Amino acid sequence: MTWLDNLFPVRKPVIAMLHLQALPGDPAFNSLGGMRSVIDAARRDLDALQSGGVDGLLISNEFSLPYLTKTEPLTAISMATIIGELSDEITIPFGVNVLWDGIASLDLAAATGAQYVREIFTGVYASDFGLWDTNVGATARHRARIGASDVKMIFNIVPEATAYLGSRSLADIAVSTVFNAKPDAICVSGLTAGAATDSASLRVVKENAGDTPVIVNTGVRAETAELQLSIADAAIVGTALKVDGKFENAADEKRVRELMSAVRDVRMSRV
């Protein structure tokens, strides 16, 4: 039994991305519509995702492009405002991700009651957003200091749009991350949001993560759910649940139901 089993009442849970529109301070923020337009869009997506039957949510500032590796306070404050507006309507477990800032993600979780966070907590990377360094020791101590020890930390060890600065194999990274950093789960990604996660890489991480749950982080669709969930313990899904399967579009309840139907077939097969 892992925390996934305790939190979700099903095998192979699907955590849906609730992508927030650009926020105050972001280059693409809709100043005419303001925060009300962001909240209204989030509410529509929330309804589509929950009505379609997903098991959990991960709320992120996905449209804050280009991302910061240390965010401005305004971002997490805006996200907390949105979650507060929607809190009475959220009926399933949820987590948060302030891209790409682990400390801010934990702060937001502590403020909103989120049960998990996903971020890049370990490693050094060359990324589209500059040199990306981390300090998992400081982050773990911050979690304890703010009273968020119950918030689960999902480590992305193959983050999008980056290259790991080092010569270690993915297997070695998985083993040492589990030993040194004690992640609550590890997730494995493709190149960008919506891009397929390489199943061979996913399998390498699963084979070297011990008892730590492994989550497929990008690119799961109805037609790939069986393969990816035959390896992973859970899936985080965003783009595939949107109108026409396009990153920039709103959530589509029909596509959500199609994916969840495929996932139920996987559960029944006991893979």
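Computed quantities for the displayed model
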quantity	calculated
Among (i) 20.1; (ii) 19.4; (iii) 18.5, the entry that matches Kirkwood radius over Cα pairs in Å as calculated here	(iii)
Bridge type composition, the chain - antiparallel percent by DSSP, nearest 5	20
Computed lengthening from LEU191 to MET268, 0.36 nm per intervening residue step minus Cα-Cα distance	24.7 nm
Per-peptide average of other Cβ atoms within 10 Å, ordering 68-75, 143-150 highest first	68-75, 143-150
Among 84-93, 251-260, the order from most to least packed when residues are scored by Cβ within 10 Å on average	251-260, 84-93
Inter-centroid distance (Cα atoms) of the range 173-217 relative to the range 231-266, Å	20
³J(HN,Hα) computed for each position of the range 3-12 - Karplus, 6.51 cos²θ - 1.76 cosθ + 1.60, integer Hz, glycine/proline x	4, 4, 5, 6, 7, 10, x, 9, 6, 6
Residues whose placed amide H lies under 5 Å from that of ILE157, excluding near-sequence neighbours	CYS187
Helix-derived mean residue ellipticity, 222 nm - over the chain, DSSP H n ≥ 4, -39500 (n - 2.57), to 500	-11500 deg cm²/dmol
Residue order, fewest to most beta carbons within 10 Å, for TYR116, TYR164, TYR125	TYR164, TYR125, TYR116
Förster radius 45 Å - calculated FRET efficiency between ASN30 and SER149 (Cβ-Cβ, nearest 0.05)	0.75
Distant-in-sequence amide H partners of ALA16 (H built 1.01 Å from N, under 5 Å)	ASP55, GLY56, LEU57, LEU58, VAL237
Table column - 3J(HN,Hα) (Hz), the range 168-178, Karplus curve with 6.51, -1.76, 1.60, x for Gly and Pro	6, 6, 4, 4, 5, 4, 4, 4, 6, 5, 4
Per-residue Cβ neighbour rank within 10 angstrom, fewest leading, LEU165, LEU46	LEU165, LEU46
Peptide ranges 236-249, 199-212 listed from the most packed, as the mean C-beta count within 10 angstrom indicates	236-249, 199-212
Under the Karplus curve 6.51 cos²θ - 1.76 cosθ + 1.60, θ = phi - 60°, whole-Hz ³J(HN,Hα) for the range 115-132, x wherever Gly or Pro sits	9, 7, 10, 10, 6, 8, 9, 9, x, 10, 9, 9, 10, 5, 10, x, 6, 10
Loop-located chymotrypsin sites (Phe, Trp or Tyr not before Pro) in the range 1-106, at most 13 other Cβ atoms within 10 Å (DSSP)	none
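Where a number appears in this text, it was derived from the coordinates with a stated rule and is not lab data. Note that this is a predicted model, so its numbers are computed, not measured. Ideal geometry is used to build each Cβ from the backbone, glycine not excepted, and the neighbour counts take in all protein chains shown.
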